[in-house]
Amino acid sequence: MWLLLLAFLLVTCKAKEPVYPESCEDLGLPDDLAYTQSSLALRELADAREMGVGAAVSALPLDCDPAYGDALGHEFNMLTTENALKFGPVHPEPERYDFDAADAIIGFAEAHAMQVRGHALVWHQMNPEWIDQADFTREEWGETLRAHITTVVGYYKGRVQVWDVVNEAMGDGAHDLRKTVWLEGVGPDYIDKAFAWAHAANPDALLFYNDYGAEGLNAKSDKVYELVKGMLDRGVPVHGVGLQMHLSIEDAPDSEDVRANMQRLGDLGLQVHITEMDVRLPNDPDPELDEKQAEVYRQMMAVCVDAPSCTAFVTWGFTDRHSWIPYFFPGEGEALLFDAAYQPKLTYVALQDALSPARIPRPEDYGAECDCEP
Ligand code: G3I
């Protein structure tokens with residue numbers, strides 16, 4: 001009896017493991033999916049403020065789901081390659097690069113006059129086996145990373161305007177750099193080197209350091225601040241910091257802290273992008289939580305709009321139809337701007353509201369000569 005129960009539980013748990021879609025059929029798209037153009041697209045509002053508004057994009061839905069491309073091209077003036085330019089997908093074997101998926105996404109961006117954020121040249125996840133299992137000398141590690149960065153950034157010179165050069169290098173809490181293959185292989189100066197190699201391959205690209213949990217003021221954001229300040233002091237070509245902003249509804253950072261963090265990074269001469277925002281909810285419908293979620297989006301966009309350093313606001317996906325959340329947080333979802341049927345949600349309206357020209361500007365946006373009383 002107990003054995004039967006155990007077997008049942010094992011089968012049930014197994015069935016809940018994520019199955020990543022690999023074909024159009026796997027996506028199981030209904031026939032009637034359609035996006036209806038909004039009369040006030042986010043990109044129109046962002047263009048008027050000369051800022052970027054974007055979303056992370058995957059090649060599969062772009063290929064299979066026409067509504068995905070319709071909404072993306074109409075609503076956003078920027079996109080990020082979600083997975084296509086990570087080391088594993090783009091450089092699966094030592095002598096082989098595969099640009100197909102990224103080419104499709106970046107071709108779409110060009111056809112729709114969108115800026116591209118390339119993500120991410122150096123990360124500890126989604127590396128190919130030949131990297132994870134490599135037994136290189138320090139010199140070989142450096143040469144491997146230099147060749148990778150030079151090839152990928154060089155290939156997209158003039159087509160990718162912003163790179164997340166190094167992603168999530170900082171340990172959590174007050175810890176120092178995360179122990180990764182790159183830290184251990186290339187050595188403690190791997191971040192400086194990665195930025196220098198990216199800059200050499202495309203001197204026109206904006207180069208960002210990107211991390212999570214460092215949006216407001218805390219031990220980790222202090223470390224990120226020290227990291228980029230040190231890089232600037234050493235003459236390393238870093239131009240911006242990405243604040244990922246993956247949130248659950250309970251753990252949104254204080255908006256005043258985010259404002260202060262953007263301000264101190266801006267004082268260093270750096271740009272800030274909100275790079276991966278989503279706010280996940282438990283799957284049980286709850287109108288109060290929907291409103292709370294929209295308020296978090298509204299506040300973070302308002303902070304970005306108000307901060308002179310914040311030049312782009314990017315969400316990690318844009319429709320609940322295609323999102324990483326259910327794969328990584330079973331029982332949670334609905335983290336984005338459009339629902340799974342491409343209907344705009346309260347979160348979308350909140351971004352329209354925060355981007356609206358009718359928002360009263362704050363004096364500190366305009367310096368001492370401002371006569372724009374709130
Ligand atoms: O496509 C393969 C498939 O061929 C294979 O059979 C299957 C089995 O594991 O994996 C599929 O790849 C998955 C990929 O997403 C594409 O769906 C990977 O396993 C899965 O790990 C990967 O997850 C991505 C995750 O990063 C890890 O790379 C998510 O889609 C992506 O949204 C997420 O993005 C990260 C940012 O890059 C950095 N910040 C955090 C953010 C969320 O975790």
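The GluC sites (Glu not before Pro) of segment 63-137 that meet both conditions, a loop assignment by DSSP and at most 11 other Cβ atoms within 10 Å of the site Cβ, are E95. Give the residues of segment 164-195 whose amide nitrogen is closer than 13 Å to a point set 7 Å from the Cα of T137 in the direction of its Cβ. In segment 164-195, the label zone of T137 (backbone N under 13 Å from the point 7 Å along Cα→Cβ) covers no residue.
The calculated pair-distance distribution of segment 51-358 uses every alpha carbon pair, bins of 10 angstrom beginning at 0, and gives 6, 28, 36, 24, 6, 0 percent. Surface exposure of segment 30-146, expressed per residue as accessible area with a 1.4 Å probe, stands at 44 Å². Of the solvent-accessible surface of the chain, computed with a 1.4 Å probe and all protein chains present, 53% belongs to carbon and sulfur.
Using the Cβ of W163 as centre and a radius below 12 Å, the other residues enclosed give a net charge of +1, where K and R count +1 and D and E count -1.
Taking a sphere under 9 Å around the Cβ of R178 and counting the other residues whose Cβ falls inside, with K and R at +1 and D and E at -1, yields a net charge of -2. Based on the alpha-carbon gyration tensor of segment 19-120 and its eigenvalue square roots a ≥ b ≥ c, which shape applies: rounded if a/c is under 1.5, prolate if not and a/b is larger than b/c, or oblate? Oblate, since a/c reaches 1.5 and b/c is not below a/b. Here each label is just a point 7 Å from Cα along the line to Cβ, and for D103 and D222 those points are 4.9 nm apart. Going through the cross-link list K193/K229; K223/K292; K179/K223, which pairs have a Cα-Cα distance over 20 Å in this structure? Distance filter (> 20 Å) returns K223/K292.
The residue list A214, H91, L79 was ranked by how far each Cα lies along the charge dipole of the chain toward its positive end, using unit charges on Cβ atoms, and H91 comes out on top. Overall, the anisotropy analysis places segment 235-274 in the oblate class: the square-rooted eigenvalues a ≥ b ≥ c of its C-alpha gyration tensor yield a/c not less than 1.5, with a/b not exceeding b/c. Calculated from the alpha-carbon coordinates, segment 149-219 shows an Rg and a Dmax of 13.5, 38 Å respectively. Using the Cβ-Cβ distance between E184 and L27 with R0 set to 30 Å, the FRET efficiency from 1/(1 + (r/R0)^6) comes to roughly 0.20.
Taking label points 7 Å from Cα along the Cα-to-Cβ direction, S248 and V19 give a separation of 2.7 nm.
The values are calculated or read from the model by the stated rules, or taken from the named source; none is laboratory data. These numbers were taken from a predicted model, which means no experiment stands behind them. Methodologically, a virtual Cβ is constructed for each residue, glycine included, from the backbone with ideal geometry; neighbour enumeration extends over all protein chains shown. All accessible areas refer to the heavy atoms of the entire protein, side chains included, with ligands and DNA or RNA removed. Shrake-Rupley method; radii C 1.70, N 1.55, O 1.52, S 1.80 Å.
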